[in-house]
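Below: one structure, written as structure tokens.
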Amino acid sequence: MQTEFRISTHGPGLFEFTHDVTGWLSKQGAQDGLLTLFVRHTSCSLLIQENADPEVQTDLQNFFHRLVPPTSDPSMSFLTHTYEGPDDMPAHIKASLLPVNLSIPVQSGRLALGTWQGIYLFEHRDAPHTRQVAAHLGP
């Protein structure tokens, strides 16, 4: 079984789409298998992360912004790919450090996530985007 999720972002941050995935699984009558998610972009990432305390998301975003600031920051003057804006190359770097695909077991039609875990798209660009995440549920 395959589908595609479209996640609308409004700038940098983590955008949870766990409910979209669980809704799709329930409509498919899925039982047991392995769900693979793959983001079709080079400037965002996928994460399984805590969904209980929003400060976790804020701290992650702040950490990665500090780790890889925009090209307008003097510490990033060595970067040459700058024609798409000061956030573009840093977004590619962040996406190279973080996962762009996830594998999640499905047991009795439900995601085998922990109590406080959710599925997130981590947007690294400043502008709003509609991101595509391909999903495949296999045995």
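Laboratory data are not the source of any read-out in this text; all were calculated from the coordinates shown. Everything quoted here is computed from the prediction, not taken from an experiment. Cβ coordinates were reconstructed from backbone atoms using ideal geometry, including for glycine residues, and neighbour counts include every protein chain displayed.
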Output the residue which, of all residues in the stretch 62-76 that are in a helix (DSSP H, G or I) and of a type outside the set (S, T, N, Q), is nearest to the chain's Cα centre (by Cα). F64
Which condition breaks for P12 when tested against (1) in contact with a Lys or Arg (Cβ under 8 Å, 6 or more places away or on another chain); (2) closer than 18 Å to A135 by Cα; (3) of a type outside the set (G, A, S)? (2)
Return the residues of the stretch 20-55 that are more than 14 Å from the chain's Cα centre (by Cα) and in a helix (DSSP H, G or I); say none if nothing qualifies. T22, G23, W24, L25, S26, K27, Q28, P54, E55
When you scan the stretch 64-83, do you find a residue that is touching a residue at least 60 places away in the same chain (Cβ under 8 Å) and under 19 Å from E123 (Cβ atoms), even just one? yes
Please specify each residue of the stretch 94-131 satisfying the condition of being within 24 Å of H65 (Cβ to Cβ) and of a type in the set (S, T, N, Q). S96, N101, Q117, T130
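For the stretch 106-139, which residues satisfy the criterion of being in contact with a Gly (Cβ under 8 Å, 6 or more places away or on another chain), in a strand (DSSP E or B) and surrounded by 14 or more Cβ atoms within 10 Å (Cβ to Cβ)?
Those that are in contact with a Gly (Cβ under 8 Å, 6 or more places away or on another chain), in a strand (DSSP E or B) and surrounded by 14 or more Cβ atoms within 10 Å (Cβ to Cβ): V106, F122, E123, L137.
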Yes or no: the stretch 83-101 includes at least one residue that is of a type outside the set (G, A, S) and part of a strand (DSSP E or B). yes
Could you grab the pairs with beta carbons closer than 6 Å, sequence gap of 6+ or different chains, first residue in the stretch 93-108 and of a type outside the set (S, T, N, Q), second one part of a helix (DSSP H, G or I)? K94/F64
Residue satisfying condition, being more than 24 Å from Q132 (Cβ to Cβ) and buried (at least 18 other Cβ atoms within 10 Å of the Cβ), within set T82, T71: T71
Those residues of the stretch 1-60 which are in contact with a Ser or Thr (Cβ under 8 Å, 6 or more places away or on another chain), among the polar types (S, T, N, Q) and surrounded by 13 or more Cβ atoms within 10 Å (Cβ to Cβ), in sequence order: T9, Q31, T36, N51
